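The structure appears below as structure tokens.
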Amino acid sequence: MVQFFKVKKPSAPAKAPLDIHILELNGHGMGVARHQGKPLFVAGVLPGEQVRVQLTTQTSRYATATLQKVLSASPDRVKPFCAHINDCGGCNLQQLPSKGQRRLKQKAVLSLFSRHGIDDLPATEWLYGAEQGYRRAARLAIRRQGKGVALGFRQPQSHDLAEIAHCGVLTPLLSELIAPLRQLLNRLRAVKQLGHLELYHAAEGVALLLRHKGALPAADLDILLTFAQQRNLALFLQDDAGRRPLHVPFPLYYQLDNLKLAFTPGDFIQIHDELNSRMVQQAINWLAPEPGTPVLDLFCGIGNFSLPLAAAGHPVTGVEGVMEMVEQARGNAEDNQLAQARFYRADLAADFTQEPWAREGFSQVLLDPGRAGAEQVMPYLVALAPERLLYVSCNPVTLARDSEVLLAGGYRLSRLGLIDMFPHTPHCEAMALFELT
């Protein structure tokens, strides 16, 4: 009998490591070198270093590599505080001192403005604070692993999961929960239905939101409830039908001076408590409305800026696109006895200039849009012609783009601030004050 078989091709030999010289860091915190006439990107390095790397990707325009060894270290290099730095896709600038991180972020932001022809900028003003144990909200990914699950953050430039035991930037209460939560999830039967887990450190304790598909078995619900009760945690579940509380032993809110801002897991809140307070105060100081001057707050969320402005004595009109957030903001105004704060729902991508609240006229406007920015809002803002406009941005890319419209509409950029809301990452938030000329 003749037996047919395919000759197994030998696997391609692994490419030898490369020794390269790092020229600079780009705006994403990646080291840039040159290899075969193309840029080569590698994480975890500093300018001037000689390093050994392993190629991972090669295209016609660029290549990427992983760091194997630092052959000649920069004098600026510091030891990373986190054991997961090579696996986790989060804090990839730990090897760079804080001042160097801020210089890198400032350079990136100024470059974004320059791309839009905006080079005449005011001196940059910085806000920065605690660099570890600061993060009060986080999302943990859940991935099936064998018959159980792994819990952690996404790996760099990947959908793969880096399983972690602790996290140095989370508040200690949140970091200490990671291992018990992993054990909890591995006791559940419905592991195939699990999505991800959100953690929130509120003023009176920790809240969890578990996203899942379909109905969880009664036995799993009992396990989850017992865990929450034993640890005095607020626990919410969310599936395609919506969000529901399973155990809420205390009210959920965060504090801004004497104000209490209630929220529900799933709502957006600023993750750095200290810097949020300072950012709000800076916004009020920069906008500097005269006593009793009405202020319009667009993309107001649950009232993070609106309520402190109202508490400072200014009638505030807050506008938000999501009705659930509007209702939360109204409740917060009522709970804090701030009757001068009113909130409305509106589609801010459409022409809102004829809305009754917009026709009241505002000389002072604050806006805090999401990462997509406020490109569609800009023409209507220019039409409202406020004397002062404060733009708070979580994405300097869209801030620089939208600034071009305001400058063309007769405004000048009088103050520019950067906020290091996410230390050890390339991410930077910004605040820009525009005044009508």
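Structure summary
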| read-out | value |
| --- | --- |
| Single residue of region 330-349 satisfying the filter (part of a loop (DSSP other than H, G, I, E, B) and free of Cβ contacts under 8 Å to residues at least 12 places away in the same chain) that is surrounded by the fewest Cβ atoms within 10 Å (Cβ to Cβ) | 337 |
| Residue list for region 165-188, filter: surrounded by fewer than 15 Cβ atoms within 10 Å (Cβ to Cβ), more than 25 Å from residue 221 (Cβ to Cβ) and of a type in the set (A, V, I, L, M, F, W, C) | 165 |
| From 108, 138, 162, 123, residue being farther than 28 Å from residue 73 by Cα and open to solvent by less than 40 Å² (accessible area, probe 1.4 Å) | 138 |
| Residues of region 243-265 satisfying the condition of being of a type outside the set (A, V, I, L, M, F, W, C) and under 16 Å from residue 197 (Cα atoms) | 243, 244, 245, 247, 264, 265 |
| Matching residues in region 276-290 - criterion: being open to solvent by less than 50 Å² (accessible area, probe 1.4 Å) and of a type outside the set (A, V, I, L, M, F, W, C) | 276, 277, 282, 289 |
| Hits in region 26-59 - residues which are crowded, with 21+ Cβ neighbours inside 10 Å, over 25 Å from residue 81 (Cβ atoms) and either touching a residue at least 24 places away in the same chain (Cβ under 8 Å) or acidic (Asp, Glu) (or both) | 40 |
| Residue 154 being under 23 Å from residue 93 (Cα atoms), surrounded by fewer than 16 Cβ atoms within 10 Å (Cβ to Cβ) and in contact with a strand residue (DSSP E or B) (Cβ under 8 Å, 6 or more places away or on another chain) | no |
| Where residue 325 falls short, out of the listed (1) under 20 Å from residue 405 (Cα atoms); (2) open to solvent by 10 Å² or more (accessible area, probe 1.4 Å); (3) among the hydrophobic types (A, V, I, L, M, F, W, C); (4) free of Cβ contacts under 8 Å to residues at least 60 places away in the same chain | (1) |
| Test: residue 65 is closer than 19 Å to residue 86 by Cβ, touching a Phe, Trp or Tyr at 6+ places or on another chain (Cβ under 9 Å), at pLDDT 95 or above and aliphatic (A, V, I, L, M) | no |
| Where a residue in region 397-421 is touching a residue at least 12 places away in the same chain (Cβ under 8 Å) and part of a strand (DSSP E or B) and its partner, wherever it lies, is among the acidic types (Asp, Glu) and surrounded by fewer than 21 Cβ atoms within 10 Å (Cβ to Cβ), with Cβ under 6 Å and at least six apart | 412/435; 414/435; 417/125 |
| Residue count, region 252-266 (criterion: open to solvent by less than 30 Å² (accessible area, probe 1.4 Å) and either in a helix (DSSP H, G or I) or touching a Leu at 6+ places or on another chain (Cβ under 9 Å) (or both)) | 8 |
| Residues that are free of Cβ contacts under 8 Å to residues at least 60 places away in the same chain, over 22 Å from residue 239 (Cα atoms) and among the small types (Gly, Ala, Ser), drawn from region 166-192 | 175, 179 |
| Test for residue 275: is it modelled with pLDDT of 95 or more and touching a helix residue (DSSP H, G or I) at 6+ places or on another chain (Cβ under 8 Å) | no |
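The values are calculated or read from the model by the stated rules, or taken from the named source; none is laboratory data. From a predicted model like this one, the values you see are computed outputs, not experimental measurements. FYI the Cβ positions are ideal-geometry reconstructions off the backbone, even for glycines, and counts take in every protein chain you see. Heads up: the accessible areas ignore ligands, DNA and RNA and are worked out on the full protein's heavy atoms, side chains in. Shrake-Rupley method; radii C 1.70, N 1.55, O 1.52, S 1.80 Å.
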